[in-house]
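Below is one structure, written out as structure tokens; the observations come after it.
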Amino acid sequence: MRQVSTPLVATRARRDVATVRQDFPVLSGTANGRPLVYLDNAATSQKPRAVIESLVRFYQTENANIHRGVHELSQRATLAYEAARAKLQRFLNAGDPHEVIFVRGATEAINLVASSFGRIRFRPGDEVVVSAMEHHSNLVPWQIACEIAGARLRVIPMSDAGELDLDALRDMLGDRTRLVAVVHVSNSLGTINPVTEIVRMAHDAGAPVLVDGAQAAPHMPIDVQELDADFYALSGHKMFGPTGIGVLYGKAKLLEAMPPYQGGGEMIRSVTFEKTTYAPLPAKFEAGTPHIAGAIGLGAAVDYLRGLSWEWIQHHEHDLLEYATEQLRFVPGLRIVGTAARKAAVISFVLEGVHAHDIGTILDQSGIAIRTGHHCTQPVMDRLGIPATARASFAFYNTREEVDALVRGVQEVRAVFG
Amino acid sequence: MVDLRELYQQVVLDHNRSPRNFKQLPNANRTAEGTNPLCGDQITLYLVVTNDVIEDVGFQGAGCAISQASASLMTAAVKGKTKTEADALFHAFHAMVTGGPNGAIDEKALGKLAALSGVRQFPVRVKCANLPWHTLHEALAGSGDTVSTEEGGSDTPDDPDRR
Ligand SMILES: Cc1ncc(COP(=O)(O)O)c(C=O)c1O
């Protein structure tokens, strides 16, 4: 079970957005000569000073390769890297630090499972289930794995509001189902999927589940044991950590049965030309020199999040979501895309007669950063019959004033286009 | 700060709202499709070319205001022109949109196309404006393939997405 934070930590937790913003140097900057309004958090989050400084400190005082040197510096680097693993274990409430594999990001985490698990488990006629709202990174690796194995990809449909059809999933699951891969929080619609229920249903059918948690980790506490997820994928840069680092959580029993994803240094026990035996977890899946500084920086991000309170984060982000949803409704011709009952603070929208790209350019002139396009979820756009959306995605450091700026910006778009 | 009205001039908004030559040509002897995967701009261009003269031109498509207005303005500009004249227009247009904020504009050569001069202040939008022209180039070259702004090299080095 998740550790209950002590009252001391709870009272120390910061619950004030003005104070929290001071932890993020970039937020006091400008864009196009205007104060930056950063609403592109689903693409990547900003970094608190603690994370930036952890990278500098590592390179200035501890930089060495890990697991190799007899020298002091290498030992310090190894300790820091493994301490970061322990922090991520705690963050996910994984049962064992060996179940935490450092990878490049959610994309690599998913490719690792698709390639390695797919190789031993997918056979002709087997089925792999994904949902209609997957990011391309939780779709294309499964298409590739299915093609190699001659397996079939099934898709859980969704409603116009952006909610998955679990009855359809129930009908889909069967003794051919080898794996279910589903996004926890949709990056383009904001939907929070009922992953606990999906995991239960898949397990009843004997299928393991990979949860793409790239967009969940910045918004809510995650407990992989409570979810009973078999695999869970994270991207460090979306949860206030550095780019180039992420995590694959996997249940030890599954990871142990899987063949290596890449071969090289670090991941072996012994090598001869005749036979190579592999290292135990997690080294088996961490071939080559990893992003040591990145892992340490991600550990610092997780520490930073522990200094906040999830209760405050969720309350504040919910307020931003409600406020923005309400305010944007006043803009003539604006329609919000993705209206699930349970949503993270992500608002995709379309504006009648104006392409998303033009919205993005006009907002940018006011220093407002949003994302426009298909958000790497082309099937979602096709399903909803739209070419693209404009998307404002929030983090706990955003404010109601920034929502006001967004609304003013969209009204200016209306004024330009008439 | 650059003025948005320079990018979204009335001529541009008008051509976006009511594109000229927005039709398929049943008798087209050259067609090409262009896409901009980054933002989903898409156009299909139809040409009737006789003895090196663009006798008729039409397009269909969807996308941002810049790409659609550029396509509309282009079709109006190249109708009746020879291939060589169309190529010269392409070069003048390309020079304008990639010339940087203070680049020269050959208004005499460009005519109405100069309405898109604001694009030079918005480097990320250059490929939107150029898409129809790359597509025209492809159609005239006659390979009939799909043009993608992610593949052609001619927007470099002014195209920041490629840096
Ligand atoms: C839901 C989701 N999954 C996976 C990814 C891929 O993350 P990365 O590019 O960091 O590997 C993203 C990134 O946009 C995402 O939003």
## Note on the structure
Residues in region A:48-68 that are surrounded by 15 or more Cβ atoms within 10 Å (Cβ to Cβ) and either of a type in the set (A, V, I, L, M) or touching a Pro at 6+ places or on another chain (Cβ under 7 Å) (or both) total 6
### Query
When you go through (1) open to solvent by less than 10 Å² (accessible area, probe 1.4 Å); (2) away from the ligand (no atom under 11 Å from the Cβ); (3) not hydrophobic (A, V, I, L, M, F, W, C) one by one for residue A:212, which number turns out not to apply?
(2)
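Scan region A:217-239 residue by residue and report those that are part of a helix (DSSP H, G or I) and among the hydrophobic types (A, V, I, L, M, F, W, C).
Across region A:217-239, the qualifying residues are A:224, A:227, A:239.
Pick from A:2, A:15, A:68: which is farther than 30 Å from residue A:374 by Cβ, in the same structural domain as residue A:219 (by TED's automatic domain parsing) and modelled with pLDDT under 95? Spell out how you get there, then give the answer.
Values: A:2 fails: in the same structural domain as residue A:219 (by TED's automatic domain parsing); A:15 fails: in the same structural domain as residue A:219 (by TED's automatic domain parsing).
Residue meeting the stated conditions: A:68.
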### Task
Please state which one of A:119, A:104, A:152 is basic (Lys, Arg) and within 21 Å of residue A:257 (Cβ to Cβ).
A:119
### Task
Scan region A:173-189 and give yes if some residue there is of a type in the set (Asp, Glu) and under 27 Å from residue A:339 (Cβ atoms), otherwise no.
no
### Query
From the list A:125, A:162, which residue is at positive phi and surrounded by fewer than 19 Cβ atoms within 10 Å (Cβ to Cβ)?
A:125
#### Entry: residue A:133, sole failed condition from (1) touching a Gly at 6+ places or on another chain (Cβ under 9 Å); (2) away from the ligand (no atom under 14 Å from the Cβ)
(2)
### Task
Run residue A:243 past the list (1) within 14 Å of the ligand (Cβ to nearest atom); (2) open to solvent by less than 10 Å² (accessible area, probe 1.4 Å) and report the number of the one that doesn't hold.
(2)
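The rows are residues; the columns are (1) part of a strand (DSSP E or B); (2) closer than 30 Å to residue A:371 by Cα; (3) in contact with a helix residue (DSSP H, G or I) (Cβ under 9 Å, 6 or more places away or on another chain).
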position	(1), (2), (3)
A:170	no, no, yes
A:211	yes, yes, yes
A:215	no, yes, yes
A:241	no, yes, yes
A:254	no, no, yes
A:263	no, no, no
A:274	no, no, no
### Task
Kindly indicate the residue of region A:70-104 that is out of contact with any helix residue (DSSP H, G or I) (no Cβ under 7 Å at 6 or more places or on another chain) and of a type outside the set (S, T, N, Q) and also nearest to residue A:233 (Cα to Cα) among those meeting that condition.
A:104
### Query
From A:100, A:113, which residue is open to solvent by less than 10 Å² (accessible area, probe 1.4 Å), under 25 Å from residue A:287 (Cα atoms), in contact with a Lys or Arg (Cβ under 7 Å, 6 or more places away or on another chain) and assigned by TED's automatic domain parsing to the domain that holds residue A:240?
A:100
### Query
Among helices (runs of 4 or more DSSP H) lying entirely in region A:63-164, which contain 3 or more residues that are within 30 Å of residue A:381 (Cβ to Cβ) and more than 21 Å from the chain's Cα centre (by Cα)?
A:140-149
### Task
Determine whether residue A:91 is away from the ligand (no atom under 16 Å from the Cβ) and under 30 Å from residue A:174 (Cα atoms).
no
### Task
For region B:47-66, indicate whether the set of residues that are among the small types (Gly, Ala, Ser) and within 11 Å of residue B:132 (Cβ to Cβ) is non-empty.
yes
#### Entry: Residue ID - farthest from residue A:118 (Cα to Cα), chosen from residues in region A:172-189 that are in a loop (DSSP other than H, G, I, E, B) and aliphatic (A, V, I, L, M)
A:189
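The values are calculated or read from the model by the stated rules, or taken from the named source; none is laboratory data. The model shown is predicted, which means the values in this text are computed figures rather than measured ones. Please note: Cβ atoms are built from the backbone with ideal geometry, for glycine as well, and neighbour counts cover all protein chains shown. Ligands, DNA and RNA are stripped out before the accessible areas are found, and what is left, the full protein with its side chains, is counted by its heavy atoms. Shrake-Rupley method; radii C 1.70, N 1.55, O 1.52, S 1.80 Å.
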